[in-house]
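Engineer: There's a structure below that I have some questions on.
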Amino acid sequence: MRRYLEQFDTWFIHLLRKVSMPAARVALFVVFFWFGILKIFGLSPASPMVMDLMEVTLPFMQWETFIILFALYEMLIGVSFLIPRFARFAIALLIPHMVMTCLPLLFLPDMTWQGFFIPTLEGQYIVKNLVIVALAVSVAAHLHPMHKVKR
């Protein structure tokens, strides 16, 4: 019985290794594209927080312009993760996005914290970005060094 369990374990691990990168890329695509398209149609539940942050950090920009550009930026990140050769580009876009999306924790504490280390629902929405960062790091870890990439 142990031998069969070990064989299954080996088979399952190999299967997960085959599907992990495509699954990671699709998951990142879905999250970024979906959240972006919700912003385009004015349906994002994060819009009030994004608007409040924009008023603090970019008061010179009009909301209507900013939210469309931000949505397109998110959608571009998603599409870039879906295309393997654009992974470096996606990660480069992701870094400022993650910085920007963490700013409410500092600039909008009333909206993101209900107590010391007790996030509000909006705060939890931001903290979950750690999972996105970890997944993107995993994608990046599977890239080939640039000098080894065939042109």
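Engineer: Which residue, of VAL133, VAL99, is surrounded by fewer than 11 Cβ atoms within 10 Å (Cβ to Cβ) and assigned to a helix (DSSP H, G or I)?
Structural biologist: The conditions single out VAL99.
Engineer: Which residues, taken from region 102-129, are in contact with a strand residue (DSSP E or B) (Cβ under 7 Å, 6 or more places away or on another chain), β-branched (Val, Ile, Thr) and either under 19 Å from PHE35 (Cα atoms) or part of a helix (DSSP H, G or I) (or both)? It would help to see each step written out before you state the result.
Structural biologist: The first filter runs over region 102-129 and keeps only residues in contact with a strand residue (DSSP E or B) (Cβ under 7 Å, 6 or more places away or on another chain), leaving 112-113, 119-120, 123, 127.
Imposing the further condition that a residue be β-branched (Val, Ile, Thr) reduces the set to 112, 120, 127.
Answer for region 102-129, where residues must be in contact with a strand residue (DSSP E or B) (Cβ under 7 Å, 6 or more places away or on another chain), β-branched (Val, Ile, Thr) and either under 19 Å from PHE35 (Cα atoms) or part of a helix (DSSP H, G or I) (or both): THR112, VAL127.
Engineer: Out of the residues in region 93-150 that are small (Gly, Ala, Ser) and out of contact with any helix residue (DSSP H, G or I) (no Cβ under 9 Å at 6 or more places or on another chain), state the one that is farthest from LEU82 (Cα to Cα).
Structural biologist: So, considering only residues that are small (Gly, Ala, Ser) and out of contact with any helix residue (DSSP H, G or I) (no Cβ under 9 Å at 6 or more places or on another chain), the one farthest from LEU82 (Cα to Cα) is GLY115.
Engineer: Among the residues of region 69-86, is any modelled with pLDDT under 95 and not charged (D, E, K, R)?
Structural biologist: The answer is yes, given that some residue of region 69-86 is modelled with pLDDT under 95 and not charged (D, E, K, R).
Engineer: Please give the number of the condition TYR73 fails out of (1) of a type outside the set (Lys, Arg); (2) exposed (fewer than 13 other Cβ atoms within 10 Å of the Cβ); (3) touching a His at 6+ places or on another chain (Cβ under 9 Å).
Structural biologist: Single failed check for TYR73: (2).
Engineer: Right, here's the next one. What number of residues within region 31-52 are of a type in the set (S, T, N, Q) and surrounded by fewer than 19 Cβ atoms within 10 Å (Cβ to Cβ)?
Structural biologist: Qualifying residue count, region 31-52: 1.
Engineer: Something else about it: Return the total of residues in region 102-129 being surrounded by 16 or more Cβ atoms within 10 Å (Cβ to Cβ) and small (Gly, Ala, Ser).
Structural biologist: Number satisfying all stated conditions: 1.
Engineer: Give region 1-52 a look and list any residue that's out of contact with any helix residue (DSSP H, G or I) (no Cβ under 8 Å at 6 or more places or on another chain), under 18 Å from ALA141 (Cβ atoms) and among the hydrophobic types (A, V, I, L, M, F, W, C), or say none.
Structural biologist: Matches in region 1-52: ILE13, LEU16, VAL19, ALA23.
The values are calculated or read from the model by the stated rules, or taken from the named source; none is laboratory data. Here the structure is a predicted model, which is why all the values come from computation and not from measurement. Neighbour counts run over all protein chains shown; Cβ positions are idealised from the backbone, glycine included.
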